[in-house]
Amino acid sequence: MNEVHVRLADWKKDQAALRRIREAVFIAEQAVPAELEWDADDASAVHFLAFEGEYPMGTARLLPDGHIGRVAVLKDWRGLKVGDKLLRAVIDEAEKRGLKQQMLSAQVHASSFYERFGFSVVSDEFLDAGIPHVDMVRHSD
């Protein structure tokens with residue numbers, strides 16, 4: 001396996017790769033309706049792409065208010081710390097932008113992943129697109 005690297009992505013220039021990953025993970029795998037996956041926030045979000053070599057296989061986005069979302073890694077690359085590198089890049093960018101609080105809605109099965117990065121559950125469980133989620137928050141020092 002080549003080294004995994006993460007870079008900022010441009011919604012217009014990198015849209016094909018961003019869409020391919022999110023469609024594979026959320027729409028195809030998790031049956032999220034397409035109309036719920038795509039929203040107006042994509043145009044104003046800071047996007048991230050994780051690559052193995054030149055192949056994009058993970059993505060995430062950061063909204064101006066500190067919300068992190070659309071964290072997705074293609075199935076064949078899960079368990080290889082791609083999500084760790086992706087989330088670390090998003091948190092670093094949020095802090096660089098002065099966003100002292102980062103928030104996200106995590107799928108319940110993934111909440112322990114986010115807890116490793118300092119996120120805490122701040123809500124009861126709820127359904128989003130038919131999938132159990134919890135809201136989580138992280139405060140920067």
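Each reported figure results from applying straightforward, stated rules to the coordinates on display, with no laboratory input. Because the structure is a prediction, the values reported are computed rather than measured.
Points worth noting:
- For the chain, the relative contact order works out to 20 percent when only alpha carbon pairs closer than 8 Å and six or more residues apart are counted.
- Cross-link pairs exceeding 25 Å between alpha carbons, from the set 13/85; 12/100; 75/100: 12/100; 75/100.
- Cα gyration tensor category, rounded, prolate or oblate, for region 1-78 with a/c compared to 1.5: oblate
- Cα centroid of region 56-73 to Cα centroid of region 90-141, whole Å: 11
- Using the rule -39500 (n - 2.57) for each DSSP H run of four or more residues, divided by the residues of the chain, the 222 nm mean residue ellipticity is -6500 deg cm²/dmol.
- Mean silhouette area of the chain, derived from the convex hull of its C-alpha atoms and averaged over all directions, reads 8.2 nm².
- Relative contact order [Cα under 8 Å, 6+ residues apart], region 65-112, whole percent: 54
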